[in-house]
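Working notes, structure below.
Any read-out appearing in this document is the output of simple, stated calculations on the displayed coordinates, not a laboratory observation. The shown structure was predicted, so the numbers you read here are calculated from the model rather than taken from an experiment. Here Cβ is always computed from backbone atoms with ideal geometry, including for glycine, and neighbour counts include all displayed protein chains.
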Amino acid sequence: MVIPALLSAGLTAVMAAPAAADTPSENEVANELQSDHLYIEESITDEFPEADQEVLVEAAEGAETPVYYVILPDGTFASQSSLNAFLEGVMDDVGDGVYAGFVGSQGYFVESPNLDDSAVQQIGTDAKSSGGGNQVDTLAAVPEAVESQEAGEAASATFGVLLLGLLAVGVVGGGFFLYQSKKKREAQKAKELAEIKQMANEDVVRLGEDIAQLDVDLSAVDEATRTDYSNAMDSYDRAKRSLDTITEPEQIQEVTNALEDGRYSMVATRARLNGEPVPERRQPCFFNPQHGPSEQDVMWAPPGGTSRSVPACSNCARAVLSGHDPDVRMVEVDGERRPYYDAGPAYAPYAGGYFGMDMMMGMFSGMMMGSMMGAMMGGGMMGGDMGGDMGGGDFGDFGGGDFGGGDFGGFDF
């Protein structure tokens, strides 16, 4: 049911008394409103000079939102429900808009069939405040109050749309940033994987060639030789299979672990074939794991660094002890050939597969920069992501004095 938004206390008093004026028909009022936007009951037209009526008509007709005025004498309605029913019928005939009026001096109302109650209430309050108690001025202020209300709602709606737009832009922008970051990480991981797979493949091929040179006749050798040779071949095959299936840079550890095992078995087989003592199983040559097991530890320092004991094969040991450069395993990184231990954190699993964590935590903690060790200790050797920036990216420049810009593992370079 339509309920007038604002009713003065005086109208309640009128409703308590018998009707003192005839109630106009809804059709009569609706026809007048459709014609002039103004209906004044005939018995009180003299109270509103023609100039006042023109003011109201011009105000109503100039409004963007339809505004209609209804002015009735005291006692037109015997009850509030009859007023409600009357307004409902008029609005049904005329249509959407804002309806404002007075029932004599006691009742002031503002109503609308299409606006919500809070908006209608605010329009009525604003108009009454602008009118200063004068009926004509109050009604004439209704169109402006309507425009003000609608402008506020439009501004609120616009702000809401802008806010949603900004949120949408933020979400899209954030999503795009995450997408780009993910693409960069994936591209970096793919690049690192391709580089270390190439490096490991070279080691696999080298081991296969060295095993083939043994030219073993299994029917002509003893059980120990057959066992070592079979271990060498099995490890070689395991390294090849692992290399074909790895999808993450840290998985290269599986390949180099198999290569380390296969190379020692190959060296043991060669020694047995040559009638020599089987060498002690030691860490691979630090300078180039392709050289196989080391034969002794030598004191060595990178350019500008402090000496450290490292395992070396016989050839690299002689080179170091005679003051020459050892045959260092070089890899290509961004088109540049660098020692494998100076190639970045992605190569930590490559070294870890050859030397194991004990080796890395001992000798390498003083030898290698924190970026590789950080990758191993922080997750690379433990199955974590090796693709990130662990402690600063590359292993640094060996010519720069300190490795990693300071201490690592309790040692200074």
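Observations, loosely collected:
- Residues in the range 307-315 carry Karplus couplings, in order, of 5, 8, 7, 10, x, 9, 6, 4, 5 Hz; the curve used is 6.51 cos²θ - 1.76 cosθ + 1.60 with θ = phi - 60°, and Gly or Pro positions show x.
- Estimated inter-spin distance, Ala301 and Glu54, nm [label 7 Å along Cα→Cβ]: 10.9
- Cβ-Cβ distance of Ser105 and Ser81, R₀ of 25 Å, FRET efficiency by 1/(1 + (r/R0)^6): the value works out to about 0.70.
- Shape call, the range 9-140: gyration tensor on alpha carbons, a/c limit 1.5: rounded
- Taking the range 9-140 and dividing mean pair separation by its residue count, relative contact order in percent (alpha carbons under 8 Å, at least six apart): 27
- When each of Phe48, Phe86 is scored by the number of other beta-carbon atoms lying within 10 Å, the sequence from fewest to most is Phe48, Phe86.
- A crude spin-label estimate for the pair Asp93 and Glu202, with each label 7 Å from Cα along the Cβ direction, gives 9.9 nm.
- Relative to the current alpha-carbon distance between Arg282 and Arg241, full extension at 0.36 nm per residue lengthens the span by 12.2 nm.
- Amide H contacts of Val331 (H built 1.01 Å from N, under 5 Å, at least 5 apart or other chain): Arg338, Tyr340
- Proximity of backbone amide H atoms, modeled 1.01 Å from N, is registered between Arg308 and Trp300, Ala301 at under 5 Å, excluding neighbours fewer than 5 places apart on the same chain.
- Exposure proxy ranking, count of Cβ atoms within 10 Å, fewest first, for Met299, Met266, Met91: Met299, Met91, Met266
- Within the range 9-140, percent of DSSP bridges classed antiparallel, to nearest 5: 35
- Centroid-to-centroid, using Cα positions, the range 20-64 and the range 195-244 are 108 Å apart.
- Footprinting exposure proxy for Leu167, Leu273, Leu72, Leu259 (fewest neighbouring C-beta atoms within 10 Å first): Leu167, Leu273, Leu72, Leu259
- Taking 7 Å steps out from each Cα toward its Cβ at Leu164 and Asn31 produces label points 4.6 nm apart.
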